[in-house]
Amino acid sequence: FRFKDSLAEELQRADLVISHAGAGSCLETLEKGKPLIVVINDKLMDNHQLELAKQLHRDGYVLYCNCSTLVETLQTMNLSALKPFPPGQPEKFASFLDKVLGLQ
């Protein structure tokens with residue numbers, strides 16, 4: 001894709017999403033209930049994307065691979081083994097902030 005303001009329409013139509021492991025990309029895809037394969041970039045220094053991909057995989061929400069193992073991942077994937085991602089609870093965070101700031 002060239003730059004787009006939003007991929008919401010494409011995500012809605014997708015049966016499978018293959019993405020980098022950026023937090024925004026992962027969360028937006030998982031919140032839409034789409035199966036996700038994250039492809040990590042082994043060349044990044046201090047690779048936080050790898051940490052996120054591994055944790056989401058351990059929790060059962062995504063499959064992950066690198067560029068050299070993508071084809072194998074696609075051939076052997078079992079998307080039915082992925083768990084649905086739980087919905088966010090922004091009200092809990094707002095309540096926490098209210099307490100910290102002394103607003104409650």
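Details
- Cα-centred dipole magnitude for the chain, charges only on beta-carbon of K, R (+1) and D, E (-1), debye, nearest 20: 80 debye
- Separation in nanometres of the label points that stand 7 Å from Cα toward Cβ, at residue 16 and residue 104: 4.3 nm
- The loop-placed trypsin sites (Lys or Arg not before Pro) in region 19-104, going by DSSP, that have at most 15 neighbouring Cβ atoms within 10 Å of their Cβ come out as 32, 43.
- Members of 4/43; 43/83; 4/54; 4/32 lying beyond 21 Å, as alpha-carbon distances in this model show: 4/43; 43/83; 4/54
- Site pair residue 59 and residue 23 shows an inter-label distance of 1.2 nm when each label is modelled 7 Å from Cα along Cα→Cβ.
- In sequence order, calculated HN-Hα J values of region 51-67 (Karplus, 6.51, -1.76, 1.60; Hz; x Gly/Pro): 4, 5, 4, 5, 5, 5, 5, 4, 7, x, 9, 9, 9, 9, 7, 10, 4
- Across region 7-101, Cα-Cα pairs more than 20 Å apart make up 42 percent of the total.
- Per residue, the chain exposes an accessible area of 74 Å² to a 1.4 Å probe, with every protein chain left in place.
- 5 angstrom amide H check on residue 64, placed H, neighbours 5+ away: 38
- Using R0 = 35 Å, the C-beta based FRET efficiency linking residue 80 and residue 3 works out to 0.55.
The values are calculated or read from the model by the stated rules, or taken from the named source; none is laboratory data. Given the structure is predicted, the values throughout are model-derived calculations rather than measurements. Cβ atoms come from the backbone with ideal geometry, glycine included; neighbour counts cover every protein chain shown. Note: accessible area is taken over every heavy atom of the protein model, side chains too, but ligands, DNA and RNA are not part of it. Shrake-Rupley method; radii C 1.70, N 1.55, O 1.52, S 1.80 Å.
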